[in-house]
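Accompanying notes for the structure given below.
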Amino acid sequence: MKTIKTLSWLVVVLGAWEVIAPFVLGYAAVVGALWDAIIVGAVLIVLAGWAALSNQGTTIKALEWIDVFVGAWLIVAPFIIPYTNVVAAMWNDILVGALAVVLSGWAALIVPGQQSGTSGHPAG
């Protein structure tokens, strides 16, 4: 569980970076890229933080899989919104998105499985 928590906290850090990146990298004037970064970064912070603080395997797994899709959105967002002409925003989102997909996917895949409620003995 420690690895899962660590991966979740790393995604929180990625989310925080995503929120401040437009100001640090100088693309805050590009409205689509700015708001995408702020909203998606906040979503990553909330969901990954919730997963890091949760002790319920099913909750953690669900939150991590949602973060995988949020990361995937970041990868394609520059082409959909579009802001591919803003190179710093495009590459930041692609890299942060790819890291979020890998870290959240890894965490989701290693969450311990739920017990089926059976004792392991064959029925009757």
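The values are calculated or read from the model by the stated rules, or taken from the named source; none is laboratory data. None of these values were measured; they are calculated from a predicted model. Virtual Cβ from ideal backbone geometry, glycine too; neighbours counted across all protein chains shown. Just the protein is used for accessible areas: all its heavy atoms, side chains included, with ligands, DNA and RNA removed. Shrake-Rupley method; radii C 1.70, N 1.55, O 1.52, S 1.80 Å.
Quick rundown of the values:
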{"quantity": "Qualifying position, being within 11 Å of the chain's Cα centre (by Cα) and in a helix (DSSP H, G or I), among V101, V76", "calculated": "V101"}
{"quantity": "First in segment 48-77 and farther than 10 Å from V101 by Cα, second anywhere and of a type in the set (V, I, T) and not in a helix (DSSP H, G or I), Cβ under 6 Å, 6 or more apart", "calculated": "G57/V111; I60/V111; K61/V111"}
{"quantity": "Total residues in segment 49-73, condition assigned to a helix (DSSP H, G or I) and hydroxyl-bearing (S, T, Y)", "calculated": "2"}
{"quantity": "Meets criteria (in contact with a Phe, Trp or Tyr (Cβ under 7 Å, 6 or more places away or on another chain), open to solvent by less than 80 Å² (accessible area, probe 1.4 Å) and either modelled with pLDDT of 95 or more or among the hydroxyl-bearing types (S, T, Y) (or both)) for L63", "calculated": "yes"}
{"quantity": "Count - residues of segment 89-105 that are of a type outside the set (D, E, K, R) and crowded, with 23+ Cβ neighbours inside 10 Å", "calculated": "6"}
{"quantity": "Boolean, V19 is more than 16 Å from V101 (Cα to Cα), assigned to a helix (DSSP H, G or I) and more than 14 Å from the chain's Cα centre (by Cα)", "calculated": "no"}
{"quantity": "Residues that are assigned to a loop (DSSP other than H, G, I, E, B) and either modelled with pLDDT under 95 or open to solvent by less than 20 Å² (accessible area, probe 1.4 Å) (or both), drawn from segment 23-39", "calculated": "Y27"}
{"quantity": "The listed residue being out of contact with any Ser or Thr (no Cβ under 9 Å at 6 or more places or on another chain) and either within 14 Å of L7 (Cβ to Cβ) or acidic (D, E) (or both), out of A62, A100, A88", "calculated": "A100"}
{"quantity": "Flag if W91 is at pLDDT 95 or above, under 15 Å from L34 (Cα atoms), among the hydrophobic types (A, V, I, L, M, F, W, C) and in a helix (DSSP H, G or I)", "calculated": "yes"}
{"quantity": "Residue satisfying all of: in segment 1-16; aliphatic (A, V, I, L, M) and either touching a Pro at 6+ places or on another chain (Cβ under 6 Å) or without any contact (Cβ under 8 Å) to a residue 40 or more places away in the chain (or both); most open to solvent (accessible area, probe 1.4 Å) among these", "calculated": "V13"}
{"quantity": "Verdict on A42 being part of a helix (DSSP H, G or I), open to solvent by 10 Å² or more (accessible area, probe 1.4 Å) and hydrophobic (A, V, I, L, M, F, W, C)", "calculated": "yes"}
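So that you can scan it fast, the table gives a plain yes or no per residue for (1) of a type in the set (S, T, N, Q); (2) within 23 Å of P112 (Cβ to Cβ); (3) crowded, with 17+ Cβ neighbours inside 10 Å:
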position	(1), (2), (3)
A21	no, no, yes
V46	no, no, no
T84	yes, no, no
V87	no, no, no
